[in-house]
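Structure first, commentary second.
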């Protein structure tokens, strides 16, 4: 993802927040919630491009802070993302396809700009389990080979914005590494 895309995303989010009543200077003016649950679409763009679904749950640990003079909160988040990819492979491979499974563990710092717009950076680690199938004819053995897998721990980073449709429901978009996530947030 290019830095220009991130900057454009941030400018649009801040610009839209000026349309609604400003809340950033009113600490604690955001919806009170004990959990945010977000089912989402996954558009993965690292190594192998893929599409899938996922879910995220975030739990506020500091409801009004860490900066007490603005409307912000700090949450811990955990999720599960799945994406599938399918590529044509060079050489003796007929086709390569695979699945990525991610369990992100993140710290989320929320900024509530207005009753319509909030934004957040998320930083953490992701456990990635990737499986792939490379179907090819092994000329030496005369049989088909497949099913490899790999487990990694990766750094994850997202910049997100929420468009609040109601007090407890928002459209959420995250841009980052390893994916772009588009979903609905429910504040419980």
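The values are calculated or read from the model by the stated rules, or taken from the named source; none is laboratory data. Because the structure is a prediction, the values reported are computed rather than measured. Don't worry about glycine lacking a Cβ; one is built from the backbone with ideal geometry, like all the others, and counts go over all protein chains shown.
Things to note:
- Close pairs from region 33-58: first at negative phi and free of Cβ contacts under 8 Å to residues at least 24 places away in the same chain, partner surrounded by 15 or more Cβ atoms within 10 Å (Cβ to Cβ) and assigned to a strand (DSSP E or B), Cβ under 9 Å, at least 6 apart: 57/36; 57/37; 57/38; 57/77; 57/79
- Some residue of region 20-27 being under 15 Å from residue 180 (Cβ atoms), at pLDDT 60 or above and either touching a strand residue (DSSP E or B) at 6+ places or on another chain (Cβ under 8 Å) or outside any strand (DSSP E or B) (or both): no
- Enumeration of residues in region 165-188 that are assigned to a strand (DSSP E or B), over 28 Å from residue 153 (Cα atoms) and touching a residue at least 24 places away in the same chain (Cβ under 8 Å): 170, 186, 187
Quick grid of which residues meet (1) buried (at least 17 other Cβ atoms within 10 Å of the Cβ); (2) at pLDDT below 90; (3) under 15 Å from residue 160 (Cα atoms):
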residue: 48; (1), (2), (3): yes, yes, no
residue: 54; (1), (2), (3): yes, no, no
residue: 59; (1), (2), (3): no, no, no
residue: 72; (1), (2), (3): yes, no, yes
residue: 75; (1), (2), (3): yes, no, yes
residue: 84; (1), (2), (3): no, no, no
residue: 98; (1), (2), (3): yes, yes, no
residue: 105; (1), (2), (3): no, no, no
residue: 110; (1), (2), (3): yes, no, yes
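- Failed item in (1) closer than 23 Å to residue 85 by Cβ; (2) modelled with pLDDT of 95 or more; (3) surrounded by 20 or more Cβ atoms within 10 Å (Cβ to Cβ), with residue 178 passing the rest: (2)
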